[in-house]
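Have a look at this one before I ask anything.
The values are calculated or read from the model by the stated rules, or taken from the named source; none is laboratory data. Predicted model only: the values in this text are computed from it and were never measured. Glycine also receives a Cβ, built like all others from the backbone with ideal geometry; neighbour counts cover every protein chain displayed.
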Ligand code: DHB
Ligand code: FE
């Protein structure tokens, strides 16, 4: 069976990637954000899994807006980095793990999650920025193969938070039933509160974000019970991206240990949050 060893929730703000690509991380405006990432990055560098599953949303870069799967999974052996209009980010393409992808697909379909299947997929900032948050200097390759699970958060009606949490629980069971003994990291991405357009453009809600950072560890059911309208009201029209963190949380144990969290306002128009959890049973002291 495969074992989920950690879960990482992180924002995917494109300018975080741009700041890294342009060597701006030590500039005063960026330094506090990247300083906040440091303890998580150090821990992650010592806990590289065999495979990662990254729950993300495409922003009409990999898939045309005419086609919006509610849930999807990549089954490719390589995912190319999307050109979002400014040229591709100077980061490696992402190697996949088709064998585990097809196992997850079969198990999830059998559990009633009819995922759209991507035999090829260009991955945008929703995918590559979280990888950069995890691994700032990947060199020629990311630390391990990564499987994309795609969630529609950009077009009404988005799946409910409860459905995302249930998908995560089914994902956890599907990973556990994989015949090989491998370790897995799960990333839930997007958020935190932000709204990019409309009369509330620039909306950020730190009170909600801090509640979310606590509840994602201790009370995910509370977050799963919120409607999509609750998310949009409390976290902004793009803050609903946070439902993707619930897929990650659902794949983890009931009790998880916080390794590190960080919160910075703003990164571009967004409240940037990070939360890293150890999913392994705590070792008794003494
Ligand atoms: C921003 C945030 C996002 O989540 C996104 O997809 C694009 C831009 C921003 O804050 O600039
Ligand atoms: Fe986004």
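Working carefully through the options 127, 118, 113, find the one that is in contact with a helix residue (DSSP H, G or I) (Cβ under 6 Å, 6 or more places away or on another chain) and at pLDDT 95 or above.
113
While we're looking at this one, here's another question. Which one of the conditions (1) more than 14 Å from ligand 1 (Cβ to nearest atom); (2) touching a helix residue (DSSP H, G or I) at 6+ places or on another chain (Cβ under 7 Å) does residue 255 fail to meet, given that it meets all the rest?
For residue 255, the failing item is (2).
Between 22, 89, 38, which is within 16 Å of ligand 1 (Cβ to nearest atom) and out of contact with any helix residue (DSSP H, G or I) (no Cβ under 9 Å at 6 or more places or on another chain)? Spell out how you get there, then give the answer.
Working: 89 fails: out of contact with any helix residue (DSSP H, G or I) (no Cβ under 9 Å at 6 or more places or on another chain); 38 fails: within 16 Å of ligand 1 (Cβ to nearest atom).
Unique residue meeting the criteria: 22.
Taking the range 50-71 as the region of interest, how many residues are more than 16 Å from ligand 2 (Cβ to nearest atom) and surrounded by fewer than 21 Cβ atoms within 10 Å (Cβ to Cβ)?
If we filter the range 50-71 for residues that are more than 16 Å from ligand 2 (Cβ to nearest atom), which is where we start, we get 50-53, 64, 66-67, 69-71.
With surrounded by fewer than 21 Cβ atoms within 10 Å (Cβ to Cβ) added as a condition, the list becomes 50, 64, 66-67, 69-71.
Of the residues in that region, 7 qualify.
Any idea which of 77, 58, 93 is over 20 Å from residue 6 (Cα atoms) and either touching a residue at least 24 places away in the same chain (Cβ under 8 Å) or out of contact with any strand residue (DSSP E or B) (no Cβ under 8 Å at 6 or more places or on another chain) (or both)? Don't jump to the end; show me each part of the working.
On the way: 77 fails: either touching a residue at least 24 places away in the same chain (Cβ under 8 Å) or out of contact with any strand residue (DSSP E or B) (no Cβ under 8 Å at 6 or more places or on another chain) (or both); 93 fails: either touching a residue at least 24 places away in the same chain (Cβ under 8 Å) or out of contact with any strand residue (DSSP E or B) (no Cβ under 8 Å at 6 or more places or on another chain) (or both).
Of the residues listed, the single one that is over 20 Å from residue 6 (Cα atoms) and either touching a residue at least 24 places away in the same chain (Cβ under 8 Å) or out of contact with any strand residue (DSSP E or B) (no Cβ under 8 Å at 6 or more places or on another chain) (or both) is 58.
Name the strands (runs of 3 or more DSSP E) wholly inside the range 1-86 in which the number of residues that are under 13 Å from residue 131 (Cβ atoms) is 2 or more. Give the derivation first.
Working: elements: 3-10, 51-56, 71-74, 78-81.
Passing ranges, in order: 3-10, 51-56, 78-81.
Turning to a different aspect of this structure: Can you tell me how many residues in the range 249-286 are over 17 Å from residue 44 (Cα atoms), touching a strand residue (DSSP E or B) at 6+ places or on another chain (Cβ under 9 Å) and part of a strand (DSSP E or B)?
So the count comes out to 6.
Of the residues in the range 124-140, how many are within 13 Å of ligand 1 (Cβ to nearest atom) and outside any helix (DSSP H, G or I)?
Result for the range 124-140: 1.
Regarding the range 169-187, can at least one residue be identified that is crowded, with 19+ Cβ neighbours inside 10 Å, within 15 Å of ligand 2 (Cβ to nearest atom) and within 25 Å of residue 81 (Cβ to Cβ)?
So far as the range 169-187 goes, yes, one or more of its residues are crowded, with 19+ Cβ neighbours inside 10 Å, within 15 Å of ligand 2 (Cβ to nearest atom) and within 25 Å of residue 81 (Cβ to Cβ).
Cβ-Cβ below 6 Å, separation at least six or inter-chain, first residue in the range 268-279 and within 12 Å of ligand 1 (Cβ to nearest atom), second assigned to a strand (DSSP E or B): which pairs?
These pairs meet every condition: 271/265; 272/264; 273/263.
Take the conditions assigned to a helix (DSSP H, G or I) and touching a helix residue (DSSP H, G or I) at 6+ places or on another chain (Cβ under 9 Å) and apply them to residue 108. Does it pass? Steps first, answer last, please.
On the way: assigned to a helix (DSSP H, G or I): yes; touching a helix residue (DSSP H, G or I) at 6+ places or on another chain (Cβ under 9 Å): yes.
Spelling it out, residue 108 is indeed assigned to a helix (DSSP H, G or I) and touching a helix residue (DSSP H, G or I) at 6+ places or on another chain (Cβ under 9 Å).
Mind counting the residues in the range 149-168 that are within 16 Å of ligand 1 (Cβ to nearest atom) and either modelled with pLDDT under 95 or buried (at least 17 other Cβ atoms within 10 Å of the Cβ) (or both)?
Restricting attention to the range 149-168, the residues satisfying the condition of being within 16 Å of ligand 1 (Cβ to nearest atom) are 150-155, 158.
Adding the requirement that they be either modelled with pLDDT under 95 or buried (at least 17 other Cβ atoms within 10 Å of the Cβ) (or both) leaves 150-154, 158.
Total meeting the criteria: 6.
A further question follows. Find the helices (runs of 4 or more DSSP H) located wholly in the range 196-248 whose residues include 3 or more that are surrounded by fewer than 20 Cβ atoms within 10 Å (Cβ to Cβ) and away from ligand 1 (no atom under 14 Å from the Cβ), and list them. Steps first, answer last, please.
Numbers: elements: 206-218, 220-224, 228-235.
Counting at least 3 such residues, we get 206-218, 228-235.
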